[in-house]
Amino acid sequence: MAKVALVTGGSRGIGAAISIALKDAGYAVAANYAGNDEAAEKFRAGTGIPVYKWSVADYDSCAAGIARVETDLGPVAVLVNNAGITRDAMFHKMTPQQWREVIDTNLSGVFNMTHPVWSGMRERKFGRVITISSINGQKGQAGQANYSAAKAGDIGFSKALAQEGARAGITVNTICPGYIGTEMVRAVDEKVLNERIIPQIPVGRLGEPDEVARCVVFLASDEAGFITGSTISVNGGQYLA
């Protein structure tokens with residue numbers, strides 16, 4: 001029976017690439033999404049991957065959503081915490097709401113999703129928790145105090161949880177993408193991309209969503225059982241941690 005993989009924010013961008021790669025690797029995949037019904041339905045129709053709508057910022061919604069997935073597909077063996085938002089502003093202009101919204105989704109959302117599946121993983125003596133952080137959680141970024149704090153928190157969370165899960169057969173790892181050629185990034189003004197962003201990347205190009213997805217597939221595999229508490233940078237050499 002195929003292992004079940006649940007990907008948050010799994011119907012668009014990097015999340016969609018992860019969902020498809022896991023399906024291609026033989027997993028039974030469920031893709032969570034928060035709000036874009038049209039994009040989610042297009043993704044479901046094009047891939048055959050079932051989609052489930054809830055906000056990762058709400059614990060009760062996560063618990064209920066995970067229960068639906070497990071009823072439909074079986075117990076979650078692989079959790080990919082990919083869902084994230086930005087509310088960018090220089091700190092002196094940042095509002096408490098902008099801070100809370102990013103922390104609630106990008107950091108508390110990781111707790112909200114991981115906590116309900118943790119006991120089952122411990123009982124079954126197997127689990128993979130893979131969280132998509134960011135280069136900006138490693139190095140910081142002006143205008144993103146909220147985002148950088150949340151993504152740095154994801155790394156600390158994963159390192160702590162890796163120590164708790166190790167003897168139960170659960171690995172917990174983090175991937176930190178740099179600039180990846182998603183629809184959102186490619187929508188940036190071409191001049192800004194070519195003159196300000198890409199010159200900062202030693203390999204001279206944007207990353208591709210599939211390059212992040214391949215890391216996820218490896219970390220989810222049995223072959224990666226000795227890798228836990230790690231942070232993998234996928235940034236073309238832009239930041240060496």
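The values are calculated or read from the model by the stated rules, or taken from the named source; none is laboratory data. The model shown is predicted, which means the values in this text are computed figures rather than measured ones. A quick note on method: Cβ atoms are made from the backbone with ideal geometry, for glycine too, and the neighbour counts reach across all protein chains shown.
Okay, here's what the table says:
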read-out: Residues of segment 54-87 classified as farther than 20 Å from Lys3 by Cα and either in contact with a strand residue (DSSP E or B) (Cβ under 6 Å, 6 or more places away or on another chain) or assigned to a loop (DSSP other than H, G, I, E, B) (or both), total; value: 10
read-out: Among (1) of a type outside the set (S, T, N, Q); (2) part of a helix (DSSP H, G or I); (3) in contact with a helix residue (DSSP H, G or I) (Cβ under 8 Å, 6 or more places away or on another chain); (4) over 30 Å from Lys93 (Cα atoms) - the single one Lys151 does not satisfy; value: (4)
read-out: Single residue of Arg44, Arg100, Arg68, Arg87 found to be surrounded by fewer than 19 Cβ atoms within 10 Å (Cβ to Cβ) and touching a Pro at 6+ places or on another chain (Cβ under 7 Å); value: Arg44
read-out: Set Ser108, Ser55, Ser158: member being out of contact with any Asp or Glu (no Cβ under 7 Å at 6 or more places or on another chain), buried (at least 16 other Cβ atoms within 10 Å of the Cβ) and over 23 Å from Val29 (Cβ atoms); value: Ser108
read-out: Residues satisfying the stated conditions in segment 187-225, i.e. charged (D, E, K, R) and over 25 Å from Ala152 (Cα atoms); value: Asp189, Glu190, Lys191, Glu195, Asp222, Glu223
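Quick grid of which residues meet (1) at pLDDT 95 or above; (2) of a type outside the set (A, V, I, L, M); (3) more than 16 Å from Gly178 (Cβ to Cβ):
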position	(1), (2), (3)
Glu195	no, yes, yes
Gln200	yes, yes, no
Arg205	yes, yes, no
Arg214	yes, yes, no
Asp222	yes, yes, yes
Ile227	yes, no, yes
